[in-house]
1. When the stretch 4-59 is examined, which residues are found to be among the aliphatic types (A, V, I, L, M), loosely packed, with under 12 Cβ neighbours inside 10 Å and not in a helix (DSSP H, G or I)?
2. Suppose we keep only residues that are surrounded by fewer than 16 Cβ atoms within 10 Å (Cβ to Cβ) and aliphatic (A, V, I, L, M) within the stretch 352-389. Which one would you say is modelled with the highest pLDDT?
3. Would you point out the residue of the stretch 96-151, among those that are under 19 Å from the mean Cα position of the chain (by Cα) and among the charged types (D, E, K, R), that is nearest to LEU328 (Cα to Cα)?
4. Could you say which residue among GLN342, GLN263 is touching a residue at least 24 places away in the same chain (Cβ under 8 Å), assigned by TED's automatic domain parsing to the domain that holds LEU69 and part of a helix (DSSP H, G or I)?
5. So, of the residues in the stretch 185-223 that are over 16 Å from the mean Cα position of the chain (by Cα) and of a type in the set (Ser, Thr, Tyr), which turns out to be nearest to ARG243 (Cα to Cα)?
6. In the stretch 312-339, which residue that is of a type in the set (Gly, Ala, Ser) and touching a Leu at 6+ places or on another chain (Cβ under 7 Å) is surrounded by the fewest Cβ atoms within 10 Å (Cβ to Cβ)?
7. Report yes if SER150 is among the hydroxyl-bearing types (Ser, Thr, Tyr) and in a helix (DSSP H, G or I), otherwise no.
8. If I filter the stretch 72-81 for residues that are touching a Pro at 6+ places or on another chain (Cβ under 9 Å) and within 11 Å of VAL282 (Cβ to Cβ), do I get at least one hit?
Amino acid sequence: MYPERFLYLPEYAFPRLRALLDGHDFAGPHFNMTVGEPQHRFPLWIKDILFEHFDGFSRYPANDGIEKLQKSIVDWFYRRFGVSLTSDRNIIPVNGTREGLYNVSMALCPERLRDRVPFVLIPNPFYQVYMVSALSVNSEPLFISTDEKSGHLPDYSGLKADILNNTSAAYICSPSNPQGAVATVDYLTELIELAEKYDFIIFADECYSEIYRHTPPPGLMEISHKLGADPDRVVSFHSLSKRSNLPGLRSGFAASGEKNIKQMKQLRAYSGAPIPEPLQHVSASVWDDEDHVIQNREIYKKKYKFADKIFDGFDGYLSPEAGFFLWLDVDNGEKTALDLWQTFGVRVLPGKYLAKDLNGQSPGDRFIRVAMVSELEETKEGLKKIREFLD
């Protein structure tokens, strides 16, 4: 006896990958380019901060965040997006953005909308937690496929009015995972106006916002603020995992209007797992420092250049605007992933494992996702092997 809404979940992406590749060993050097787990060096000075506050592990952590962390988040948000937030009303620290992106539906999405099961709009391909979050509140995930024509972002404005009238929330990821596409100011403006017109909330996954080539990607709350939209129209999620190479810290935050944050805090008071106090002190110091972020971004810029050069002339190459993934059109992503592992020892993720099948096929079927997260030389060698295989 299990919840029916979870009975038909597809296997999660990485167990599927292990089932595909394990048992097909490769004798030479291995290059793991599957998981978006940054391997660049994080700021080593955080060790001193951690040990300075080590005795905090003896106390239950503050659910809403210590004052130092709250202040560092609102200060960073103002520096980055020019939006003034109130620390006790507009933000909530989360134990990694996955926690926030999952729990937000339970805090803010109604079970019924106009006496019907509501839709939650999700880009396709997508980060898997979006779907499970929607299912957890008995909403119907509605997958909107993205491709080159749509700019690799979902065209929610093209949906029919009866769908939008029955929508409670929409997820957007910019820069997008896996394609690295950046939503423009015009795109975000249109999305906010659509949400205002049809009265739904936008959940903005912006955890890749600090990894980009040239221009900082605009934030949804930034555009919402300039438009004078309802502050509770948007919930924005940010993380130290990608920005600061600290995926194991499990530290991020959500920002929104006062009503939304109050609801999210109410739920978290019962069900949440707050960040341990010493890690909150570390997080505060990391949000306050920008030098290591700039240095990190410079490494990724070099990787972008290597990728552009290595895949020059390959028709299936999409040069990413931001983030640290390559989204390569290889005709058959699953077959390519297996052959690439067996032939060159490079592990990549089939695009179909990140997408929902619609009418027997998905927008990820032709693709592989390549994570450029290892140190510079290892990433370069892995990319060269992929290109050699594809030739």
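The values are calculated or read from the model by the stated rules, or taken from the named source; none is laboratory data. These numbers were taken from a predicted model, which means no experiment stands behind them. All Cβ positions, even for glycine, are placed from backbone atoms using ideal geometry, and neighbour counts span all protein chains on display.
1. LEU7, LEU9, ALA27, LEU44, listed by residue number.
2. LEU376
3. ASP147
4. GLN263
5. Top of the filtered list is THR215.
6. GLY316
7. In short, no.
8. no
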